[in-house]
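Read-outs throughout are calculated quantities, based only on the coordinates presented, and are distinct from any laboratory measurement. As the structure is a prediction and not an experimental result, all values here were calculated from the model. Cβ atoms come from the backbone with ideal geometry, glycine included; neighbour counts cover every protein chain shown.
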Amino acid sequence: MITIEKMLSDRAADVEDAVKIFDGLEPVTLDFMIGRWKGYEIATGHAMDGLLEPTGWYGKYFKSPEEVHPLLFFANKKTELYSVNPKLIPLGIQFPKTKLLGIVMAMLRPILQTKKATARIRMIEYRNKVTGTMVYDEKAILDHFVKISENTMLGAMDLKHSPSPYIFVLERDSTTYKTSGF
C-alpha cells in the first residue's frame, strides 16, 4: 500500500489503496467543513478521472449546513468564481477530457450558472464511520469527507451505480476571488 504523502504528491493511487487511506483517516464535523475549498482529483482509474480539470473546476463552498455550492468553476482567466447547478450536468456521458471541455463550459455558463445553493451537509455513516457528507439536492450523489490535516480533506464521491468512489482532495482556500453572487 502507498502512503498518503505519495498519493497526494502523485495525485494518483490504486483505488483500493485510496480507499484504505480514506478508511484510516478521522471523520470531519460539519463545522470543520464550513468555508471555501479548492480541489483536485486523485486518479484511481475511475471513469471521471481527468474530467474536472479541463472544465475549469475550482472546488466547493460550504456556506452553512443548509447552503452548499458543490461545483465552483473558474471564469475570466481564473480571477472569478461561479457556481454551477449540478442538476444540469448530465452523468453517464463520455465527455472529451481536453481543453475543449473548458471552452464548452465557458459557453454554457449562462445556462449552467446558479446563485442558489444546490446541496447541503450532514453527518452520515460511510465505510463504518459517521463523517461530514455533502448531499446533492437533485443528484444521487454523496460526497463523504475525512480529515487529512487542519486545512485538507480527502473526499470520496459515492455515485449511485458506480462500483468504486471517485477520490478527490479539498484544500481550505481564502484567496480573494470575485464571485458571481453565490
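Within the same chain, lysines fewer than 8 places from Lys20 are excluded, and of the rest, those with a Cα less than 21 Å from its Cα are Lys6, Lys129, Lys147, Lys160.
When shorter helices are ignored and each DSSP H run of at least 4 residues is given -39500 (n - 2.57), the per-residue value for the chain at 222 nm works out to -5500 deg cm²/dmol. The trypsin sites (Lys or Arg not before Pro) of the range 77-182 that meet both conditions, a loop assignment by DSSP and at most 15 other Cβ atoms within 10 Å of the site Cβ, are Lys77, Lys78, Lys97, Lys115, Lys116, Arg127, Lys160. Modelled this way, with points 7 Å down the Cα-to-C-beta line, the labels at Ser149 and Met107 are 4.1 nm from one another. List the lysines whose Cα lies under 20 Å from the Cα of Lys115, skipping any in the same chain that are fewer than 8 positions away. Cross-link targets: Lys38, Lys60, Lys63, Lys78, Lys87, Lys139, Lys178. Would you please classify the overall shape of the range 137-182 from the alpha carbon gyration tensor, given that a ≥ b ≥ c denote the square roots of the eigenvalues, rounded means a/c under 1.5, and beyond that prolate means a/b larger than b/c while oblate covers the rest? Since a/c reaches 1.5 but b/c is at least a/b, the shape of the range 137-182 is classed as oblate. For the range 101-182, GluC sites (Glu not before Pro) meeting the loop criterion (DSSP other than H, G, I, E, B) and having at most 11 other Cβ atoms within 10 Å: Glu138, Glu150. The ratio of the alpha-carbon radius of gyration of the chain to the globular-protein estimate 2.2 N^0.38 Å is 0.97. The value of relative contact order for the range 4-175, using C-alpha pairs under 8 Å at least six residues apart, is 24 percent.
Length gained on full extension, Met1 to Leu100: 32.1 nm, using 0.36 nm per residue less the C-alpha separation. Panel order for His46, His161, by other beta carbons found within 10 Å of each beta carbon, from fewest to most: His161, His46.
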